[in-house]
Structures are given as C-alpha cells and as structure tokens.
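Student: Quick one: the structure is below, questions incoming.
The values are calculated or read from the model by the stated rules, or taken from the named source; none is laboratory data. What you see is a predicted model; the values in this text were computed from it and never measured. Neighbour counts run over all protein chains shown; Cβ positions are idealised from the backbone, glycine included. Accessible surface is based on the protein model in full, side chains and every heavy atom, while ligands, DNA and RNA are left aside. Shrake-Rupley method; radii C 1.70, N 1.55, O 1.52, S 1.80 Å.
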Amino acid sequence: MAIQHLKHGRSANASSQDAAKVRDTVTAILADVAERGDAAVAELSAKFDDWQPASFRLSEDEIAACVRSLSPGQLDDIRFAQAQVRNFAQAQRESLRDIEVETLPGVVLGHKNMPVDSVACYVPGGKFPLVASAHMGVVTAKVAGVSRIITASPPVQGRPNPAVVAAMHLGGADEIYTFGGVQAIAAMALGTQTIDPVSMVVGPGNAFVAEAKRQLFGRIGIDLIAGPSETLVIADDSVDAELCATDLLGQAEHGFNTPAVLLTNSLKLAQETMAEVERILNILPTANTAGVSWRDYGEVIVVDTLEEMVSEADRIASEHVQVMTRDPDYFLKHMKHYGALFLGPRTNVAYGDKVIGTNHTLPTGKAARYTGGLWVGKFIKTCTYQKVLTDEASAMIGSYCSRLCAIEGMTAHGEQANIRVRRYGHKDVPYGSAVPA
C-alpha cells in the first residue's frame, strides 16, 4: 500500500506567505526602539497591550505580592517543576568538560566552557501565560552560571500574571519586567535608557517575537527561532483512538496554526482517531482554538512499515514526537530529525511542556534537521586556547605553518610563523619566504 494522506494540512507555501507579512512590522518596531528607547517601548506597550505603568520593571514589593497571591499548593507545584528542570540541566552541565591535551610534544590545546554573561528570558502571554517557560529559560540559565538573568512577559488582563512572576522569581531572575512582544525583545536586546542590553535572548513567542529574534541574531545570540508549536503522534494498533486524539488536541490548543499530525500503520486507528477528534472537540473547552488548528493544519498519514514511519517522521521533523508503538525504542534508535521524543503511552508532550525536566523550547519548522532545543549548553561558550611550551615545538609547527601560508599566498601570515622559526629554530629564513621542507 502506498503512503496515504487521509487528511492534509495547510501548505508550507501558504505558511511562508504569512511569515512574510510580519517582517516589515518587526523591522519598524526594532528601529523605533533602537532610536527612541524607553519612549518607544512605552508607546508600543500602550498601543498593543493597553499597558502604561510608571516602570516596566517590577519592584521587590510587587514581586513579593505576586508570590503571596498564589496558594501554598501552587507554589509547591512550581517549585517541583523547577526542581526537575534544574536536576536535568545540572546533569547536562556536568557532561560539559573543560579539556586540555598535549597533542604533540610541547603543544598544548584546550577549551573552557564559560557561561554567557547576560541573558533575557522571554515568557509569552497571549491565550495562555506559559508559566513553564519561566522554568525552561531562567532555571536553565541559572544552572549554566549566567550572572545576569532578566525576564519579560506581557501583562494579562491588565496586570502582571502572578504565577509567571512567581516562577521567574523562584527560578532566580535578577530583573523582572512586565512588557511583551517585539518591543520587549528590542528593549532587552538593544537596551534603553533604563535597561542594560543583554548578550542573548531566549524563549518562545508568537510570530512577531520569533521574527524579532531572527532580525536581531548576530547583534545578540538567540536559542532558536521558534514558530507555532508542532506535534507528531506515531502510533500503531497497540493503542486506541482516544489516546491518539487526546495527544493531538493537547497540542492543537496552543494556537490557531498548530500542526498536529497522526502517523500510523493502522488504517483502522487512523479512521477511529479522526472520529474521536471530532467527538472530543464537542466537549473540549478550548475547542474554538484547537478545532481551527485541526481543521487547517491537522494531518493523518497511513503507511505500511516501521521503516516508512521513520522516513515520514524524519521528513516532517516535528518539534514534538509522541511514539506509542509496541517498540518505541525503535524510533529512538533510528529517527534523526525531531525536537524531543516522548516514548511510550505512559509519557506525553504535556509532561515535557510542564514538569518532567526536559526543556520545552524546541525547534520548529523543520529546524530539527540541524539543531536541538534549548538546553544548558546553549548558555555556554566553548572557547579554545593553545600553548606552545618549547622552542622545538614552535619551530616545528612554524615550518608547517609557513609553507601552508605560502600555498595561500598570505605572506604576512607566513611571516608570523617565520619569525618564530628564526628565533626558536635558529634557521636563516628570508622575510616572506616559506620555510623549506
């Protein structure tokens, strides 16, 4: 049986046209903030969020009030989630080792892993204030050793969201701002009269936030350019339609343009899942969002073999891949392109999004072909160094370097080598001439 598409989503070309419409707006906002600083941020915040506080930075008293407004149980849950993120990030950090090795007699090479000095962690607002995004950015940066961590999130219903602020604070943020959108990214990346710029901006956001990060990349570092959330459910007949439909819609509620794809080798499961999706949409409180995503971006693909499953999954290169088959580890072994894998029916994408400990800021738009998601290593610079300890080693490396520079015609580079051959190797090498072999 050939690969069957029982349901198609919106074309990649149509989605790229949507992205193009965002570009000019973002360019203008970045230029405005760069030129006018705080005044531009204030005007844009009033325009887009109807938010005009005396200061966008929250005071210690305002932060404490947000924390006090949560119940002890809510605070305990936030602390539990942050502990899981912290524990996994710490294990990842410990896997990054400084090294120093003598590669030739007298030649020592090494690298040091050093944290970025300052980072801004953005937490989206929109339909759902993503409390978990505070854990993923702030806690991970803290474990990496970043010395200045600032955060921003838009107001929700005319005020800072208490749970988001509490999560930022408990995670270890040094400065907390209540503003959002492109103006927030611009303010933190470029700096204003009252905000010192950072070296790196991380965190998910809408299309405008993603485009702002794309345009600023180079002037600052970023984690990745994250588009709409994506999920791929890979399933066989060892699971049922209710489980598949639940996991598809669990991600489709993110927004109106969230791709949710079922990939299966069971035509029966595919058909039953499509029916089950419609049943759940009749009772789901967020159906007005999830239903649009499923209608416009949902896909159902039926294949014959496990090999075809892997091939299709790698072609899709989804942000989240939920594997519910008899042998989920087969996909762990053979798949190459994914943001994160969720193996077996006992786990799911929501666990990763909220609490289990892996980071939920992941590559979208097929970026999983060339990058993973946010992790402690994203906040680390691995910088090399070299030492030459003996005259003999310098003269030996210098002779090779001299001749290689001559191949390229780079005379001044070659002379950097020649002067050391003359001084340390006691050779008579004329200026600008390659050392004889």
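Student: I want to verify a result. In a Gaussian network model of the chain, Cα cutoff 10 Å, which of these has the top mean-square fluctuation: THR25, THR178, THR289?
Tutor: Highest fluctuation of the listed residues: THR25.
Student: Which aspartates and glutamates, on any chain, are close to LYS387 with Cα under 16 Å apart, when same-chain ones fewer than 8 places away are left out?
Tutor: Once the sequence-local aspartates and glutamates are set aside, what remains near LYS387 is ASP98, GLU100, GLU102.
Student: Compute the relative contact order of the range 25-156 as a whole-number percentage, counting only Cα pairs closer than 8 Å that sit 6 or more residues apart in sequence.
Tutor: About 20 percent, as a whole number.
Student: Cut-off under 20 Å on the C-alpha distance; same-chain residues fewer than 8 positions from LYS427 excluded. Which aspartates and glutamates are left, in chain and number order?
Tutor: ASP391, GLU392, GLU415
Student: Which whole-percent values make up P(r) of the range 86-133 when all C-alpha to C-alpha distances are grouped in 5 Å steps starting at zero?
Tutor: 5, 13, 12, 15, 15, 12, 9, 6, 5, 4, 3, 2, 0
Student: Tell me the label-point distance for the pair ARG403, THR390, using the 7 Å Cα-to-Cβ offset, in nm and rounded to one decimal.
Tutor: So the label points at ARG403 and THR390 sit 2.0 nm apart.
Student: Roughly what percent of Cα-Cα pairs across the range 312-407 reach past 19 Å?
Tutor: Values: 2698 of 4560 pairs.
Distances greater than 19 Å cover 59 percent of the Cα pairs.
Student: I would also like to ask the following. Counting pairs of alpha carbon atoms under 8 Å apart in space and at least six apart in sequence, what relative contact order in percent does the chain give?
Tutor: Details: 867 pairs, mean separation 80.9, N = 437.
For the chain, the relative contact order is 19 percent.
Student: Around GLU62, what is the net charge, scoring Lys/Arg as +1 and Asp/Glu as -1 over all other residues with Cβ under 13 Å from its Cβ?
Tutor: 0
Student: Can you give the local net charge around HIS169? Use residues other than it whose beta-carbon is closer than 11 angstrom to its beta-carbon, Lys and Arg +1, Asp and Glu -1.
Tutor: Computed value for this residue: -4.
Student: Now a separate question. So what J values fall out for the range 109-114 if you push phi through Karplus, 6.51 cos²θ - 1.76 cosθ + 1.60 with θ = phi - 60°, rounded to Hz, Gly and Pro as x?
Tutor: 10, x, 9, 10, 9, 10
Student: Further question on the same structure: For PRO285, what is the net charge nearby, where nearby means another residue's Cβ is under 13 Å from its Cβ and Lys, Arg count +1, Asp, Glu -1?
Tutor: Cβ neighbours under 13 Å give a net charge of 0.
Student: Taking only the Cα atoms of the range 186-342, how large is their convex hull per residue, in Å³? Present the calculation step by step, with values, prior to reporting the outcome.
Tutor: Details: hull volume 19.3 nm³, N = 157.
So the per-residue Cα hull volume is 123 Å³.
Student: Which whole-Hz couplings ³J(HN,Hα) result when phi for each residue of the range 400-414 is put into the Karplus expression 6.51 cos²θ - 1.76 cosθ + 1.60, θ = phi - 60°, listed in order with x for Gly and Pro?
Tutor: Result, rounded to whole Hz: 5, 4, 4, 5, 5, 5, 5, 4, 8, x, 9, 5, 5, 4, x.
Student: In square nanometres, what is one fourth of the surface area of the convex hull spanned by the alpha carbons of the range 1-142?
Tutor: For the range 1-142, the mean projected area of the Cα convex hull comes to 18.8 nm².
Student: Let me ask something else about it. Can you run the Rg to Rh ratio on the chain? Use alpha carbon positions and the Kirkwood inverse-distance Rh.
Tutor: Reported Rg/Rh (Cα atoms, Kirkwood Rh): 1.07.
Student: Here's another thing I want to ask about it. Given the pairs LYS333/LYS354; LYS213/LYS336; LYS142/LYS333, which are separated by over 30 angstrom at their Cα positions? Walk me through the intermediate numbers first.
Tutor: Numbers: LYS333/LYS354 26 Å; LYS213/LYS336 26 Å; LYS142/LYS333 32 Å.
Violating the 30 Å Cα-Cα cut-off are LYS142/LYS333.
Student: Using a 10 angstrom cutoff on alpha carbons, build the Gaussian network for the chain and name the most mobile of MET168, MET200, MET410.
Tutor: Answer for the Gaussian network model of the chain: MET410.
Student: Rounded to the nearest 500, what is the chain's calculated 222 nm mean residue ellipticity when only DSSP H runs of at least 4 contribute -39500 (n - 2.57) each, over all residues?
Tutor: -14500 deg cm²/dmol
Student: While we're looking at this one, here's another question. Restricting the count to DSSP beta bridges whose residues both fall in the chain, what percent are antiparallel, rounded to a multiple of 5?
Tutor: Counting only bridges with both partners in the chain, antiparallel ones make up about 35 percent.
Student: For the range 295-340, what is the accessible area per residue in Å² when the probe is 1.4 Å?
Tutor: 43
Student: Two decimals is fine: what is log10 I(q)/I(0) at q = 0.12, 0.16, 0.25 Å⁻¹ for the range 372-437, from a Debye sum with one equal scatterer on every Cα and no solvent?
Tutor: -0.41, -0.55, -1.00
Student: To the nearest µm²/s, what D does Stokes-Einstein give for the range 310-355 at 4 °C and 1.567 mPa s, using the Kirkwood radius over alpha carbon pairs as Rh?
Tutor: My calculation gives 121 µm²/s for D.
Student: Which of rounded, prolate or oblate describes the range 129-267 when judged by the alpha-carbon gyration tensor and an a/c cut-off of 1.5? Can you show the working numbers first?
Tutor: Numbers: a/c = 2.29, a/b = 2.04, b/c = 1.12.
Prolate, since a/c reaches 1.5 and a/b exceeds b/c.
Student: Residue by residue through the range 40-54, what is 3J(HN,Hα) from phi via Karplus (6.51 cos²θ - 1.76 cosθ + 1.60, θ = phi - 60°)? Round to whole Hz and write x for glycine and proline.
Tutor: Values, residue by residue: 5, 4, 5, 5, 5, 5, 5, 5, 8, 10, 6, 9, 9, x, 5 Hz.
Student: Which residue fluctuates the most in the chain, going by a Gaussian network model with Cα springs under 10 Å, if the choices are ALA81, ALA20, ALA65?
Tutor: For the chain, modelled as a Gaussian network with Cα springs under 10 Å, the answer is ALA20.
Student: Follow-up question, since we're still on this one. Leaving out ligands, DNA and RNA, what percent of the accessible area of the range 110-264 is carbon and sulfur, probe 1.4 Å?
Tutor: Details: 2460 of 4660 Å².
Exposed carbon and sulfur together represent 53 percent of the surface.
Student: Next up: For LEU263, which sequence-distant residues (separation of 5 or more, or a different chain) have an amide H within less than 5 Å of its own amide H, given hydrogens modelled in the peptide plane?
Tutor: Correct list: VAL233, ILE234, ALA235, ILE301.
Student: Under a point spin-label approximation (7 Å from Cα along Cα-to-Cβ), what is the LYS336-ASP296 distance to one decimal in nm?
Tutor: Each label point is offset 7 Å from its Cα along the Cβ direction, giving 3.3 nm.
Student: Return one number: the angle in degrees, 0 to 90 and rounded to the nearest 10, between the long axis of the Cα atoms of helix 12-36 and the longest principal axis of the Cα atoms of the chain.
Tutor: 60
Student: Sorting check: for 258-267, 421-430, 244-253, 133-142, which peptide has the highest mean count of neighbouring beta carbons within 10 Å, and how do the rest follow?
Tutor: Sorting 258-267, 421-430, 244-253, 133-142 by mean packing, highest first, produces 133-142, 244-253, 258-267, 421-430.
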